[in-house]
Amino acid sequence: MSAVSPEQDTASVHPNGNNTASKTNGAPATDGTTGELEPGDSDEDDADEGHEEPHGGANGEGTGAAKKKKKRKPRKKKKAGVSGATGGGAKAQTAPPRIPVAQLFPNDTYPVGEEVEYKDDNAFRTTSEEKRHLDRMNQDFLTDYRQAAEVHKQVRQYAQKAIKPGMTLTEIAELIEDGTRHLTGHMGLEEGDNLIAGVAFPTGLNLNHIAAHYSPNAGNKTVLKQEDVMKVDIGVHVNGRIVDSAFTMAFEPQYDNLLTAVREATNTGLREAGIDARLGEIGAAIQETMESYECEINGTTYPIKSIRNLNGHTIANYSIHGGSAGKSVPIVKGGGNERMEEGETYAIETFGSTGKGYVRDDLETSHYAKIADAPKVALRVASAKTLLRSIEKNFGTLPFCRRYLDRLGHDKYLLGLNNLVQSGVVQDYPPLVDVKGSYTAQFEHTILLRPNVKEIISRGDDY
């Protein structure tokens with residue numbers, strides 16, 4: 001979910017609640033794989049491999065006759081992902097995804113993200129026993145994040161296959177959000193359930209010149225067309241540990257350069273990010289990569305511009321934009337000298353456009369969030385009081401949308417919702433758009449600046 005530059009207001013959200021997601025034991029793999037066996041393999045095969053029977057008798061018979069070796073089948077390679085699970089768990093994910101990932105990964109052995117060693121002045125962190133010890137102390141934090149990341153990857157990879165022109169945006173949003181709820185094991189219908197784990201913010205489905213914060217409200221009939229460029233921004237959380245990652249879909253090859261420019265700009269940001277990295281320098285590197293591309297659309301060649309008033313951002317527990325102390329990661333040069341620090345979590349996201357490279361508020365609002373440090377005010381609209389209690393119990397400071405209120409059974413709530421916004425208790429997030437007729441793209445990953453290594457937690461085989 002994108003952050004807007006200081007030129008526009010942004011909401012902050014913070015931890016809420018003491019609920020914890022259920023866990024299934026153990027420690028994560030260290031090589032990015034699940035360590036699972038394919039059907040037909042066994043642990044005994046692995047243990048036996050390389051151990052032959054002795055040629056001499058071990059029982060004192062001393063015959064000197066060699067024992068006949070047992071013939072074994074070749075050992076199959078272990079696959080990453082959810083091809084199989086040991087311990088009686090489900091063998092594979094369903095389509096659509098409905099099996100909680102905790103059942104697919106016994107002992108909480110969720111795949112590790114892409115780990116990148118620190119360089120230069122921070123190279124010592126890789127081998128520092130002190131830093132490794134600090135990292136081991138964060139095991140629960142890492143397990144929550146890796147579980148959320150695995151849900152994200154499975155849901156989005158199914159969505160990438162299932163989404164086709166002709167589907168409505170409502171169908172696409174529900175496909176993604178239903179998958180997230182099932183895979184976290186929290187459907188969010190009971191009070192407080194969504195605060196344990198589930199959807200971290202409304203699914204962004206932003207078409208063409210719409211860059212961010214658009215999700216269909218009830219009754220929306222918008223249909224995805226063959227010629228559309230759609231940004232898909234998905235949030236998953238476990239115990240408030242938010243994975244924020246986005247990709248762009250297009251069905252016509254004329255948009256390939258636009259998508260490549262933004263994907264590579266995001267990869268540049270990921271490469272430059274790290275402990276002590278200056279945020280302004282990251283922005284300059286992103287812009288240089290982004291604007292080295294151009295694309296031809298319908299016979300016209302367009303330079304690709306970084307959208308200068310959209311940024312990456314820190315993420316804190318239950319806080320998509322890092323709270324009042326949050327930092328922004330620019331995607332153009334000219335940022336300040338503020339640095340990234342050990343222990344921080346960032347959403348590195350970039351946006352490219354064939355338009356002006358600047359967004360403004362427009363269209364009907366769908367995204368909202370309770371403001372963490374909102375003042376206590378007297379609410380004179382009765383429906384506002386009832387709605388606020390429901391927001392606090394079901395979403396806390398996590399962003400929500402109107403469809404989520406509909407799903408909880410609220411009706412005729414718009415007057416109360418608008419009163420909460422006007423009273424400064426809830427922040428609204430209108431869609432952010434470039435000029436009509438332009439095309440925008442987005443790619444985004446979540447990174448953890450661990451004491452001894454940088455982990456791109458949301459990295460997958462897809463992007």
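The values are calculated or read from the model by the stated rules, or taken from the named source; none is laboratory data. As the structure is a prediction and not an experimental result, all values here were calculated from the model. Glycine gets a Cβ as well: all are built from the backbone with ideal geometry, and neighbour counts include every protein chain shown. We work out accessible area using only protein heavy atoms, side chains counted, and drop any ligands, DNA or RNA first. Shrake-Rupley method; radii C 1.70, N 1.55, O 1.52, S 1.80 Å.
See the values below:
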| read-out | value |
| --- | --- |
| Lys356 long-range amide H proximity, modeled H, under 5 Å | Val435 |
| Whole-angstrom gap from the stretch 324-384 to the stretch 401-421, using each part's C-alpha centre | 22 |
| Within the accessible area of the stretch 366-429 (1.4 Å probe), percent carbon and sulfur | 50 |
| Whole-percent carbon and sulfur share, accessible surface of the stretch 153-210, 1.4 Å | 51 |
| GluC sites (Glu not before Pro) within the stretch 355-463: DSSP coil, no more than 14 neighbouring Cβ in 10 Å | Glu364 |
| The stretch 187-333: mean projected area of Cα convex hull, nm² | 10.7 |
| Peptide ranges 318-328, 335-345 listed from the most packed, as the mean C-beta count within 10 angstrom indicates | 318-328, 335-345 |
| Where GluC sites (Glu not before Pro) fall in DSSP loop in the stretch 182-278, at most 12 other Cβ within 10 Å | Glu190, Glu191 |
| Neighbourhood charge, 15 Å Cβ-Cβ cut-off, centred on Leu415 and excluding it, Lys, Arg +1 and Asp, Glu -1 | +2 |
| Cα-based Kirkwood hydrodynamic radius, the stretch 328-416, one decimal, Å | 16.9 |
| Spacing of the two label points (7 Å from each Cα toward its C-beta) at Asp411 and His133, in nm | 6.2 |
| Nitroxide proxy distance, nm - points 7 Å out along Cα→Cβ at Asp140 and Ala374 | 2.9 |
| Radius of gyration and maximum dimension Dmax of the stretch 366-429, Cα, Å | 10.4, 28 |
| At most 15 other Cβ within 10 Å, DSSP loop - trypsin sites (Lys or Arg not before Pro), the stretch 419-463 | Lys436 |
| Extension gain from Asp121 to Thr300, taking 0.36 nm per residue of separation minus the Cα-Cα distance | 59.8 nm |
| Under 5 Å, built H, 5+ apart or other chain: amide partners of Glu344 | Leu449 |
| Amide H partners (placed H, <5 Å) of Phe443, local residues excluded | Thr350 |
| Area accessible to solvent at Thr168, 1.4 Å probe radius, in Å² | 30 |
| Gap separating the Cα centres of the stretch 109-142 and the stretch 214-273, nearest whole Å | 29 |
| Rounded accessible area per residue of the stretch 274-318, 1.4 Å, Å² | 41 |
| Where Phe124, Phe201 fall by accessible area, highest first, once all protein chains stay in place (1.4 Å) | Phe124, Phe201 |
| Theoretical gain in end-to-end length, Gln157 to Glu190 [0.36 nm per residue, Cα-Cα removed] | 9.1 nm |
